[in-house]
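First comes the structure, then the notes that go with it.
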Amino acid sequence: MVQLAFSTNGYSRFDLPEAIRRIADHGYDGVEILADEPHAFLADFDETDRERVLGALDETGLSVSNVNANTTCGYYDDAPPSAFFDPTIISGDEEDRRWRIEYTKAALDFAALVDAPAACVASGSALPGTPPSEAYDYLLESLDELTDYAEGVGVDLGIEFEPELLVECTEEVLTLIDDVGSDALGVNFDVGHAAVCGEDPAESIRQCAGHITGIHLEDIEGGRGGKHYHLIPGEGDLDFEPVFGALDDIGYDGFATFELYTYPDEPDEAARRARDELVEYAR
């Protein structure tokens with residue numbers, strides 16, 4: 001049975017312990033923790049912060065579905081209100097790339113602390129001056145080190161593919177997993193990202209069987225090939241019944257996490273409506 005979780009990145013107007021408590025109020029089994037501002041930017045996250053998070057988890061009884069380390073807005077003094085992937089594990093600047101590798105290790109450590117099965121990271125984009133072939137070499141080098149570390153702490157690392165990133169579709173993430181060759185590396189499968197790439201999400205899930213570290217859920221206007229904007233299920237054009245059917249077919253019994261950071265003014269409403277829309281499929 002798939003368990004439903006909600007990401008704290010939907011609660012950007014609240015601190016992390018309050019976000020956890022609010023998510024619990026809506027009947028979720030789990031919570032994904034954003035490893036970035038305004039919740040757990042790990043470069044500045046001290047022992048007191050950790051104790052407050054562990055207290056909120058203990059109080060609510062929620063499990064942690066995933067530690068989301070895709071973005072690092074906290075790296076910047078004045079980041080814009082959008083996902084900031086840089087610096088990435090493919091950055092051409094060695095110092096920047098090293099910083100991101102160490103940050104991802106911290107996310108794996110934090111996942112182990114909160115008993116999450118996985119942390120996720122995105123490849124980032126190949127920026128000017130770093131051709132895709134060179135960026136891919138950096139990616140392999142970074143992931144060799146990170147998967148060794150993940151194996152040591154007992155947490156999986158999921159690559160989340162996304163349109164316009166170096167790794168942007170199912171075929172590319174599966175090729176990457178094969179090239180790295182570590183059982184600690186998998187895919188944090190985002191249903192909407194697969195759809196925007198023009199894929200059939202249910203078929204892509206079947207292709208990823210045995211490699212899925214977690215699932216992200218959101219609806220997409222236009223369905224397959226639609227625009228990349230996260231919507232509450234029922235507001236877009238995706239059919240979620242075959243998605244959950246595919247998860248059942250491959251024997252996936254982990255978490256499916258709603259990622260609805262696009263509703264900062266009404267996160268409780270988004271959390272309530274999302275669960276109400278899909279809870280029947282998770283039984």
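The values are calculated or read from the model by the stated rules, or taken from the named source; none is laboratory data. Note that this is a predicted model, so its numbers are computed, not measured. Neighbour counts are summed over all protein chains in view; Cβ atoms, including those assigned to glycine, are modelled from backbone coordinates with ideal geometry. When the accessible area is computed, the model is the full protein with side chains, heavy atoms only, and any ligands, DNA or RNA have been set aside. Shrake-Rupley method; radii C 1.70, N 1.55, O 1.52, S 1.80 Å.
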Q: Return the Cα extents of the stretch 153-283 along principal axes one, two and three, sorted largest first, each rounded to a whole Å.
A: 41, 31, 28
Q: Sort the following peptides by mean Cβ neighbour count (other Cβ atoms within 10 Å, averaged over residues), highest first: 21-28, 116-123, 68-75.
A: 116-123, 68-75, 21-28
Q. With a ≥ b ≥ c the root eigenvalues of the C-alpha gyration tensor of the stretch 1-48, is it rounded (a/c under 1.5), prolate (a/b larger than b/c) or oblate?
A. prolate
Q. Round to a whole number: what % of the accessible area of the stretch 140-283 belongs to carbon and sulfur, probe 1.4 Å?
A. 38 percent
**Q.** P(r) tail fraction, the chain - alpha-carbon pairs more than 24 Å apart, %
**A.** 45 percent
Q) In square angstrom, what is the accessible area per residue of the chain with a 1.4 angstrom probe? A) 42 Å²
**Q.** For the stretch 133-173: span of alpha carbons on each principal axis (Å, largest first)
**A.** 31, 20, 13
Q: Roll a 1.4 Å probe over the protein heavy atoms and report the accessible area of K105 in Å², nearest 10.
A: 30 Å²
Q: At 1.4 Å probe size, with no ligands or nucleic acids counted, give the accessible surface of H228 in Å², nearest ten.
A: 70 Å²
Q) Regarding the stretch 1-96, what are the three Cα extents along the principal axes, ordered largest first, in Å? A) 43, 32, 22
